[in-house]
């Protein structure tokens, strides 16, 4: 099956955000990935609720909102109201991750859990049943344009084996350093959703890059 493609607006030109969303609407992308950073959980600040609400007004694709913030449970309902269709929280930032994931689902959103590059898959043992997707960071979160961390391939494979063993239908999302050069390998190792930012928005023809990512399994 073709992977789902989620262009990351973190790498878009914020002065031309409307044009970026229009481009994604007209492309083969499946989701729009929105990184929310608070300057505490990660050493950067991106955008928050007002921008998500504005994006939702233009977006014709579901909003995949990734919270890179401390105490994400305080804002779950607010991001739902702002227009998030999928909401993912970091296991490292969530003292009560099980409760938070249940809340996300109760509001009708898809629930995701996120793991940083150093975080062990074993922490998922007792919450696999509560997630619709698992986002593996393949760079250290906080900034776009970073180099892909090579051990991520093994981590994806191990996670896929875990999910199969548990009979889970959860999807595997990968974010960080994803481009047309490694997309096919990521899919072979078990990735279902590819988040790409710099690879798309730095290209002369972003829609062509999205097309290549979408069809990487045939290359």
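The table for this structure:
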read-out	value
Pair list, Cβ < 8 Å and 6+ apart or interchain, from segment 26-55 residues that are at positive phi to residues that are outside any loop (DSSP other than H, G, I, E, B)	39/45
Enumeration of residues in segment 13-42 that are surrounded by 14 or more Cβ atoms within 10 Å (Cβ to Cβ) and farther than 28 Å from residue 170 by Cβ	17, 20, 22, 23
Matching residues in segment 189-219 - criterion: being part of a helix (DSSP H, G or I), without any contact (Cβ under 8 Å) to a residue 24 or more places away in the chain and touching a helix residue (DSSP H, G or I) at 6+ places or on another chain (Cβ under 9 Å)	199, 218
Residue that is modelled with the lowest pLDDT [pool: residues in segment 1-41 that are closer than 24 Å to residue 132 by Cα and in a loop (DSSP other than H, G, I, E, B)]	1
Test set (1) in contact with a helix residue (DSSP H, G or I) (Cβ under 9 Å, 6 or more places away or on another chain); (2) assigned to a strand (DSSP E or B) - residue 64 fails condition number	(1)
Restricting segment 178-188 to residues that are outside any helix (DSSP H, G or I) and touching a strand residue (DSSP E or B) at 6+ places or on another chain (Cβ under 9 Å), the residue that is surrounded by the most Cβ atoms within 10 Å (Cβ to Cβ)	178
Some residue of segment 43-50 being surrounded by fewer than 19 Cβ atoms within 10 Å (Cβ to Cβ), modelled with pLDDT of 95 or more and in a loop (DSSP other than H, G, I, E, B)	no
Among residues of segment 73-127, those that are surrounded by fewer than 18 Cβ atoms within 10 Å (Cβ to Cβ), out of contact with any strand residue (DSSP E or B) (no Cβ under 6 Å at 6 or more places or on another chain) and closer than 18 Å to residue 159 by Cβ, counted	9
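The values are calculated or read from the model by the stated rules, or taken from the named source; none is laboratory data. As the structure is a computational prediction, the values presented were derived from the model and not from experiment. Virtual Cβ from ideal backbone geometry, glycine too; neighbours counted across all protein chains shown.
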